[in-house]
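One structure below.
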Amino acid sequence: MSEKRLKGIAALVGVALLAAVTLGALLGSRATAGDLQTEAERALAGADLADVRVTFHGREAELSGSDADQLAKARRIVEGIDGVRWADVAQTGTPAPRPPDTTPTLRLRHTGAGISIEGTVPDADAAAGIKARVAEDFAVPVTGDLMIDPAVGGAPWIARLPGVFGDIVGVKGLRLAIDGTGTLDLSGSIESRAGADDVRRLVAQAAPGLDVVGRLDVRPGPLSEADAAVLNTATLYFASDSSRLRASGRRVLDSVAEVLARNPAVELRAGAHAGPHDPAAGEVLGLARVAAVKAYLVRAGVSPERLSTRTFASDSRTVGASAGKFRRVDFVVTSH
């Protein structure tokens, strides 16, 4: 037999052997896949994961169906089967649906034309109460609206926050946002430091459970820097259980009267701060103190229409009722 013929026969035998090996591997792979498929389905059914679909490609598994938690559990089970190289979760391209939002929201924003309002509350009464107070207290056109969704839960601020809208009217460029994350974002500018402190405190008290974040800038507006400084630092301290003006308090009020004389468009609110131990008595005493302050300024030539008064109770339980912070009257610029 010639050498050429022997080489031809050897080549044919090599091809036949390669085909046999390939076919055997393929049949073995199919047999392995079938065995692993049966074993994996049995294991998943035993773990109450029958909704998970498993498909084998050789010794590699692909899992699909069900939710992410069940797929993760199924992956651990299948990869624990002897002979399985790994198991992958099929990518469906469809994100899991988000659970419905169950937190009420509110956003107020000063615009050039008035106040913009939006958010979601649980019922029509809540929406009507908020919108009515916005329209009444800000006395400007209101745009936007509140959505009503019974699926959202209630929150204490829904009933309480509208009560302080009248106290934040003086915040220019107001931004107030409750977005359901546990925070109340408050920003804008106001003419006095005392006004900024009052706004932060009142908003925090009206929104229990929410963290008040953001910034209120103190900007004097048309007031000169010197006059703004006088009003920002004008604080009177009274003796305990007394509404009688001290000499130091009269000097403070003389300075305030001079600023008001130089700025006839400026209006002020005098705020008295009462202690926590007896709120009713503290309010009576606070009213007497701001009345004494207003009477003194009127006698100094200030029109009573330019002066309003307010008392602020404290819910602190850690500071004595005679502490200076609860015996003071300070001022907020309400218009200019």
- request: Work out from phi, with θ = phi - 60° and the Karplus expression 6.51 cos²θ - 1.76 cosθ + 1.60, the ³J(HN,Hα) of each residue of region 250-263, listed in order in whole Hz, and give x for Gly and Pro.
  value: 5, 5, 4, 5, 4, 5, 5, 4, 5, 4, 5, 5, 7, 10
- prompt: Full extension from Arg299 to Ala204: what is 0.36 nm times the residue separation minus their Cα-Cα distance, to one decimal in nm?
  reply: 30.6 nm
message: Amide H of Ser308 versus every other amide H placed in the peptide plane: which residues, excluding those fewer than 5 positions away on the same chain, fall under 5 Å?
response: Leu268, Arg269, Ala270
- request: Tabulate in residue order the Karplus-calculated ³J(HN,Hα) for region 55-62, using 6.51 cos²θ - 1.76 cosθ + 1.60 with θ = phi - 60°, rounded to whole Hz; enter x for Gly and Pro.
  value: 10, 9, 10, x, 9, 9, 9, 10
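In square nanometres, what is one fourth of the surface area of the convex hull spanned by the alpha carbons of region 183-318?
Working: hull surface 35.8 nm².
Over every viewing direction, the Cα hull of region 183-318 projects on average to 9.0 nm².
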- line: Each label sits 7 Å from Cα toward the beta-carbon; between His57 and Ser240 the label points are separated, in nm, by 8.3 nm
field: Residues with amide H under 5 Å from that of Val89, placed H, sequence gap 5 or more
entry: Leu63
message: Sort 259-268, 188-197 by the packing proxy (mean of other Cβ within 10 Å over each peptide's residues), most packed first.
response: 188-197, 259-268
In Hz, Karplus ³J(HN,Hα) per residue of region 76-83 (6.51, -1.76, 1.60; θ = phi - 60°; x = Gly, Pro): 5, 5, 5, 5, x, 6, 4, x
- prompt: Is the shape of region 49-189 rounded, prolate or oblate, going by the alpha carbon gyration tensor and its root eigenvalues a ≥ b ≥ c, with a/c under 1.5 for rounded and a/b larger than b/c for prolate?
  reply: prolate
task: Rank by packing, highest mean first: peptides 239-252, 37-50, with packing defined as the count of other Cβ atoms within 10 Å averaged across residues.
output: 37-50, 239-252
message: Under 5 Å between amide hydrogens, which residues at least 5 positions from Val212 or on another chain qualify, with H placed 1.01 Å from N in the peptide plane?
response: Leu184
query: Among the aspartates and glutamates, which have Cα under 20 Å from the Cα of Lys172 when same-chain residues fewer than 8 positions away are ignored?
result: Glu118, Glu136, Asp137, Asp185, Glu191, Asp197, Asp198, Asp217, Glu225, Asp227, Glu267
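Just so you know, all these numbers are worked out from the coordinates, no wet-lab data involved. Just so you know, these numbers come straight off a predicted model, no measurement behind them. Cβ coordinates were reconstructed from backbone atoms using ideal geometry, including for glycine residues, and neighbour counts include every protein chain displayed.
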